[in-house]
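Have a look at the structure below, then the notes.
The values are calculated or read from the model by the stated rules, or taken from the named source; none is laboratory data. Note that this is a predicted model, so its numbers are computed, not measured. Using ideal geometry, Cβ is built from the backbone for each residue, glycine included, and neighbour counts are taken over all protein chains shown. For accessibility, only protein heavy atoms count, side chains too; no ligands or nucleic acids. Shrake-Rupley method; radii C 1.70, N 1.55, O 1.52, S 1.80 Å.
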Amino acid sequence: MFKKLFKKSEDSTKSEIQEIAMNCLSIGDLFDFDLTTWEVVSSSQSDYDGHIESEWEVRGGVDSRTLVAIPDGGEWNYQWLEEKNLSELGLNNVMNELKSEKDPEENLNIEGFNYIGYEAGGGIYKGSNEERPFLYWSYETDHDHVLNIIQWGDNEFSATIGMRVNEFQFSNILPGSGR
């Protein structure tokens, strides 16, 4: 009888470990990428006329990046991006073209890489308690580097630059306290 009262049931000793997919990250989740542990600090989505991409702002040490998950026929493609302003990238001429309602050049040279334009359009950014329309121009190199130029209004511009990455490059995905 004494053993029955204090015996642990088999169900309580087994902990349920659920694997977290990279395209299902939540605020507070942690993962390792490129020898650094990163924490998800915010999440948002961009809607490109029904094509939804998930985005997470992540911090690792003093650095911050944006991880983008792009659905592609049942698979997921990822971009690892750093936000920059156009001046930092030497693209003041692009900013001037956009202000005068011209499209930017199809080929841009940044830090020795030739970026070739492959897509442009509009979308709606859906973040925490806000929705904002934007226009974008996307560029790529032969080496999986990507550049996205974003116009938020008549005089508000930003850019993200980085590279395409594979899901296998991420490891040790741990749930945050919000799960």
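The figures follow:
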quantity: S87 accessible area, assembled protein chains, probe 1.4 Å, Å²; calculated: 60
quantity: With DNA, RNA and ligands ignored, accessible area of W76 (1.4 Å probe; Å², nearest 10); calculated: 90
quantity: Correct choice for percent of Cα pairs over 25 Å apart that was computed from the model, options [x] 29; [y] 53; [z] 43; calculated: [z]
quantity: Å² of accessible area per residue within the chain, as computed with a 1.4 Å probe and no ligands counted; calculated: 65
quantity: Where R179, R132 fall by accessible area, highest first, once all protein chains stay in place (1.4 Å); calculated: R179, R132
quantity: Pairs of Lys in the chain closer than 26 Å at Cα, counting only those 8 or more apart or on different chains; calculated: 6
quantity: Electrostatic dipole magnitude of the chain [Cβ: Lys, Arg +1; Asp, Glu -1; Cα centre; debye, to 20]; calculated: 1320
quantity: Tensor-based shape of region 57-153 (alpha-carbon gyration tensor, a/c under 1.5 rounded, otherwise prolate or oblate); calculated: rounded
quantity: The chain: calculated mean residue ellipticity at 222 nm from DSSP helix runs of at least 4, using -39500 (n - 2.57); calculated: -2000 deg cm²/dmol
quantity: Zero-based 10 Å bins, Cα pair distances in region 14-58, whole percents; calculated: 23, 44, 26, 6, 1
quantity: Computed accessible area, R59, all protein chains, 1.4 angstrom probe, square angstrom; calculated: 120
